[in-house]
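The values are calculated or read from the model by the stated rules, or taken from the named source; none is laboratory data. Not measured: the values here are computed from a predicted model. No Cβ is skipped: glycine too gets one built from the backbone with ideal geometry, and neighbour counts run over all protein chains shown. Heads up: the accessible areas ignore ligands, DNA and RNA and are worked out on the full protein's heavy atoms, side chains in. Shrake-Rupley method; radii C 1.70, N 1.55, O 1.52, S 1.80 Å.
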Amino acid sequence: MGCFLFKQKVISRLIHYFAVKRMLDMIQIDKAALTQRFMRYVQIDTQSDPNENSHPSTQKQKNLSRLLAEELTTMGIQEVVTDEFGYVYACLPGNSSKKNIPAICFCSHVDTAPDCSGTNVKPILHQHYDGNDVVLPDDPSQVLSTKSFPYLQHHIGHDIITASGLTLLGSDDKAGVAIIMQTVQTLMDQPAVLHGDIRIVFTPDEEVGRGTAKIDMQKVGARFGYTLDGGEAGSLEDETFSADGATITIEGVITHPGYAKNKLVNAMKIAGEILATLPKNEWSPETTDGKEGFVHPVSLNGISEKASIGFIVRDFSTAELTNHHKRLRTLAESVLAKYPGAAMQYQAQEQYRNMYDVLQQYPHVAEYAAEAINRAGLTVKKESIRGGTDGSRLSYMGLPCPNIFTGMQNIHSKLEWVGVKDMLKAVETLVHLSAIWEERTV
Ligand SMILES: [Zn+2]
């Protein structure tokens, strides 16, 4: 590289550095407002219900949706829509003179998990956490310690929020909701931060796998999105499982049991044998981690005449799902072969797909998020989700959508907690991210 070019590069780097530093100095996030906001949202019971087929699965989720819509309107956001399904859509209009900045969307879910009660959540703010065990007052058997949960050590001297011992906290995903709301407030208060259109979407029923069931992509109105539904500060997830379901239906041969010799074939016994043939040391959720896939029986129904086994099939590689199906089917057929007269059907159902397959076509979406995390002073931790998110479905609905951290910990349990400084860093990240999309548009 020539000397002149080198100097040019150094100068442009320096200009960039000072621009970023000025931006950092400029961003002031109201910590008290963010904390109060979060405490307010978690007290609203929004538990979803997997056994209800209505949309939303529980009407009470709308109580939070309504409040969020009201608060957005009070902030001065003019375009706020709620619907009968419990979604909230809003737009913070761009303030840049650049007209071709892609609209981006920040998305989180209002519901909490069915695994643990969400009724009467009493959030407790532990200011300047001292590092000692936190005994939750309403059930002293619930204890948070740095030994069991080392991530707490990062929060010694800072504020953390827990529940009181009888319920979950609901930081999954009200941390995400509070972070997005505070980001909107911050951007409105600080018009010097230039950005394009920022779309806001709050969804119901994510925890029961139906967060996007009734979503209106027209109303979302964005080109790219980010879910705020991740854990440790700095984490950025652009990869999820690809997921299928599989059902094996076995038909036996039924006769009067008193005269069944050499005739009767019991479908339930065949189902039991198929389950017993599944490998014990691999290929299951209880024996895999990292990037390994698995097959997992989740339901068993039957009478002696007919039985069915439901499976979930998971892998990060979508192509690999076919091999899992093949292996499962072959294994079942080898059992069936011992029972002439019995018949078997194998049915595969697509559930959701790895968002990475979409996101790798738009690498800048995750890159900008990584840069925003760095600008907020954190190290990026790229992670893969051994599950799905609203983002995996949204990515396939035309909204490439990685997942950003919120700080939530021990989710779906009474020991759930969140560090306020992580939520603050997430707001800072979103403010930077909004600015980066503006900067990168020519
Ligand atoms: Zn969540």
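At a glance:
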{"item": "In the stretch 386-430, the residues that are away from the ligand (no atom under 15 Å from the Cβ) and assigned to a loop (DSSP other than H, G, I, E, B)", "result": "Met397, Gly398, Leu399, Pro400, Lys414, Leu415"}
{"item": "Qualifying residue in the stretch 354-363 (condition: away from the ligand (no atom under 16 Å from the Cβ) and under 30 Å from Gly252 (Cβ atoms))", "result": "no"}
{"item": "Criterion: touching an Asp or Glu at 6+ places or on another chain (Cβ under 8 Å) and either modelled with pLDDT of 95 or more or buried (at least 22 other Cβ atoms within 10 Å of the Cβ) (or both) - qualifying residue of Gln185, Gln218", "result": "Gln185"}
{"item": "Matching entry among Asp289, Asp238 (being out of contact with any strand residue (DSSP E or B) (no Cβ under 6 Å at 6 or more places or on another chain) and open to solvent by 30 Å² or more (accessible area, probe 1.4 Å))", "result": "Asp289"}
{"item": "Given (1) assigned to a strand (DSSP E or B); (2) more than 16 Å from the ligand (Cβ to nearest atom); (3) surrounded by fewer than 23 Cβ atoms within 10 Å (Cβ to Cβ), number of the condition Ile250 does not satisfy", "result": "(3)"}
{"item": "Neighbours by Cβ (under 9 Å, 6+ apart or cross-chain): first from the stretch 219-239, in a helix (DSSP H, G or I); second within 12 Å of the ligand (Cβ to nearest atom)", "result": "Val220/Cys107"}
{"item": "Residue, nearest to Gly341 (Cα to Cα), within the stretch 282-313, restricted to residues that are out of contact with any helix residue (DSSP H, G or I) (no Cβ under 7 Å at 6 or more places or on another chain) and among the charged types (D, E, K, R)", "result": "Glu282"}
{"item": "Residues of the stretch 303-316 satisfying the condition of being buried (at least 16 other Cβ atoms within 10 Å of the Cβ) and either under 14 Å from Phe241 (Cα atoms) or without any contact (Cβ under 8 Å) to a residue 40 or more places away in the chain (or both)", "result": "Ile312, Val313, Arg314, Asp315, Phe316"}
{"item": "Candidates Thr146, Thr186, Thr167 - the one that is in a loop (DSSP other than H, G, I, E, B) and closer than 30 Å to Ala69 by Cβ", "result": "Thr167"}
{"item": "Subset of the stretch 306-348 [within 24 Å of the chain's Cα centre (by Cα) and under 13 Å from Trp283 (Cα atoms)]", "result": "Phe311, Ile312, Val313, Arg314, Asp315, Glu320, Leu321"}
{"item": "Flag if Ser148 is out of contact with any Lys or Arg (no Cβ under 6 Å at 6 or more places or on another chain), of a type outside the set (Val, Ile, Thr) and more than 16 Å from the ligand (Cβ to nearest atom)", "result": "yes"}
{"item": "Residue tally, condition within 12 Å of the ligand (Cβ to nearest atom) and open to solvent by less than 10 Å² (accessible area, probe 1.4 Å), over the stretch 221-235", "result": "3"}
{"item": "Subset tally (residues that are within 12 Å of the ligand (Cβ to nearest atom), open to solvent by 10 Å² or more (accessible area, probe 1.4 Å) and part of a loop (DSSP other than H, G, I, E, B)) for the stretch 189-209", "result": "1"}
{"item": "Long-range neighbours under 8 Å by Cβ, at least six apart or interchain, first residue touching a residue at least 40 places away in the same chain (Cβ under 8 Å) and more than 13 Å from Gly419 (Cα to Cα) within the stretch 111-128, second of a type outside the set (A, V, I, L, M, F, W, C) and open to solvent by 50 Å² or more (accessible area, probe 1.4 Å)", "result": "Ala113/His412; Pro114/Pro50; Asp115/His412; Cys116/His412; Cys116/Lys414; Val121/Gln43; Lys122/Gln43; Lys122/Asp138"}
{"item": "Subset of the stretch 110-136 that is within 16 Å of the ligand (Cβ to nearest atom) and among the acidic types (Asp, Glu) - its residue that is farthest from Ser413 (Cα to Cα)", "result": "Asp111"}
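Residue by residue, here is whether (1) over 12 Å from Thr203 (Cα atoms); (2) surrounded by fewer than 20 Cβ atoms within 10 Å (Cβ to Cβ); (3) modelled with pLDDT under 95 holds:
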site	(1), (2), (3)
Ile77	yes, yes, no
Thr82	no, yes, no
Phe85	no, yes, no
Pro93	yes, yes, no
Ser96	yes, yes, no
Ala103	yes, yes, no
Cys107	no, no, no
Val110	no, no, no
Pro123	yes, no, no
